[in-house]
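The values are calculated or read from the model by the stated rules, or taken from the named source; none is laboratory data. Note that the structure is predicted; figures quoted are calculated from it, not measured. All Cβ positions, glycine included, derive from the backbone under ideal geometry; neighbour counts span all protein chains shown. We work out accessible area using only protein heavy atoms, side chains counted, and drop any ligands, DNA or RNA first. Shrake-Rupley method; radii C 1.70, N 1.55, O 1.52, S 1.80 Å.
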Amino acid sequence: MSIKPTRMQFNGGELSPWLQGRTDIAKYDKTAKLCRNFIPLVEGSLKRRGGTHFVAQTPVEEDILFQILPTPSEAKVLINGVERSSIRVARGDKLYYEVSYDGYSESSGNYVVLEDTSLEVALVSKSELLTFTVEAEPLDATIVLNGYKRQSVRVLKNSTVEYQVYKDGYILQSGSVLVTDNKTLSIVLEPDELAQIDYGDWGNLEKFVGCAVFLSSDYFYKSWVIKFSNGYLGVVFNYGDTAPDANYVVSDEMFFKTNYDLYNAIIKVGGVYYTPCVAVRGAVDDIIVIWYYDEDGSCIGGIDYFTANLSYWPKDEDGKYIMEDNDYVGVVSGNVLKVYYKGRLVWELKGKSHV
């Protein structure tokens, strides 16, 4: 029977397999064949190794560069709490950055680095105002800056201005501009050449009137009103949707002939007839109204603040009642209507067979 002597010391560490037969080595009786999850101590005993925690992802290939390009360039940049404008990290690392400068609003955020990245961060001035202007051709093109029809706007330095420029028969142009100084942007619209589409007894497509919100029983809808030479087409879809889906049916049932009196016209929604609305938000004292207009521009009806409040009328992020959604722009080219939402094409009408 073999006898295995008791080992009292392990401060010789783990013995190489090539030395397992070398009993003549002085440290032979102080070693172990395998020492897994233990740490030898100088005193000779063992202790269980400590736990681990995640520090960073192992690089897949090589370290990649992340840097902040601030505006103003003198701004103070912190990355993971350390003042620096660049760092090399492993792919997939998550960083936290802060950018600050006297007289400007601070900016901060998290960023997951997947490739070499140069992140531009523009701090918005707290007091310095600049003028951004758009000059368009044709001269009668409509210009929308930050959601409002206007040719110029005053904004704080380093603010971003969203713009849309459009005119029936031309391709809409949109984008955003970082305003670092007084600036004038020149835009030339390109003609949109499209074949004529036949709408039959509706006549010719003339205008996208607007997008309004209205209440059907206990449910809210968005209502587009599209003007033809022989009347109006009502396009009704759920309030929570950006636009009707691709299967939306354009039918004669939604078309109404009228002498431009939208208040007395009706459209059918879910088997019930309702009055479509062309809405403009207004305020008189504490009264907020959906205004209905006829061909001559005369106000012919509305919904007051009390009714809107009682029916839980939807509000925007500023807490104001949503009467007309100004984020929609309709551009007529030939006999085709293109509807844009915040500069993005979301719907087209090409004849009674909607495309």
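For a quick check of your reading of the model, give me the residue pairs whose first member lies in the range 159-177 and is in contact (Cβ under 8 Å) with a residue 60 or more places away in the chain, whose second is open to solvent by 70 Å² or more (accessible area, probe 1.4 Å) and not polar (S, T, N, Q), with beta-carbon atoms closer than 7 Å and at least 6 apart or on different chains.
LYS167/ASP140; GLY169/PRO191; TYR170/GLU190; TYR170/PRO191; ILE171/GLU190
Checking ARG22 against (1) assigned to a loop (DSSP other than H, G, I, E, B); (2) open to solvent by 70 Å² or more (accessible area, probe 1.4 Å); (3) modelled with pLDDT under 75, only one condition comes out false. Which one?
The failed condition is (3).
Just the residues that are of a type in the set (S, T, N, Q) and either more than 16 Å from LEU189 (Cα to Cα) or modelled with pLDDT of 95 or more (or both), please, taken from the range 133-150.
So the first thing to find is which residues in the range 133-150 are of a type in the set (S, T, N, Q), and the list is 133, 142, 146.
Matches in the range 133-150: THR133, ASN146.
So LEU15 passes all but one of these: (1) surrounded by 13 or more Cβ atoms within 10 Å (Cβ to Cβ); (2) modelled with pLDDT of 80 or more; (3) not polar (S, T, N, Q). Which condition number does it fail?
It fails just one condition, (2).
If a residue has to be among the small types (Gly, Ala, Ser), farther than 12 Å from LYS76 by Cα and open to solvent by less than 50 Å² (accessible area, probe 1.4 Å) to count, how many in the range 106-121 make the cut? Let's see the steps before the verdict.
As a first pass, look at the range 106-121 and keep what is among the small types (Gly, Ala, Ser): 107-109, 118.
Checking which are farther than 12 Å from LYS76 by Cα leaves us with 109, 118.
Still in the list and also open to solvent by less than 50 Å² (accessible area, probe 1.4 Å): 109.
Qualifying residue count for the region: 1.
Where the second residue is open to solvent by 30 Å² or more (accessible area, probe 1.4 Å) and in a strand (DSSP E or B) and the first is in contact (Cβ under 8 Å) with a residue 24 or more places away in the chain and of a type outside the set (Asp, Glu) and lies in the range 91-108, which pairs have Cβ atoms under 6 Å and are six or more apart or on separate chains?
That search, which allows pairs on different chains as well, returns LEU95/TYR111; VAL99/SER107; SER100/LYS76.
Can you find, within the range 130-157, the residue that is least open to solvent (accessible area, probe 1.4 Å) among those that are without any contact (Cβ under 8 Å) to a residue 12 or more places away in the chain and not in a strand (DSSP E or B)?
Quick first cut of the range 130-157, residues without any contact (Cβ under 8 Å) to a residue 12 or more places away in the chain only: 139, 149-150.
Cutting the leftovers down to not in a strand (DSSP E or B) gives us 139, 150.
Values: LEU139: 164, ARG150: 81 Å².
For the range 130-157, the residue satisfying everything is ARG150.
Results for (1) open to solvent by 30 Å² or more (accessible area, probe 1.4 Å); (2) over 21 Å from VAL332 (Cα atoms); (3) at pLDDT 80 or above, shown as yes or no for each residue.
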| residue | (1), (2), (3) |
| --- | --- |
| SER159 | no, yes, yes |
| ASP168 | yes, no, yes |
| GLY203 | no, no, yes |
| ALA212 | no, no, no |
| SER229 | yes, no, yes |
| TYR232 | no, no, yes |
| VAL236 | no, no, yes |
| SER251 | yes, no, yes |
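When residues of the range 79-125 are filtered for being over 26 Å from the mean Cα position of the chain (by Cα), in a strand (DSSP E or B) and not hydroxyl-bearing (Ser, Thr, Tyr), how many remain?
Of the residues in the range 79-125, 5 are over 26 Å from the mean Cα position of the chain (by Cα), in a strand (DSSP E or B) and not hydroxyl-bearing (Ser, Thr, Tyr).
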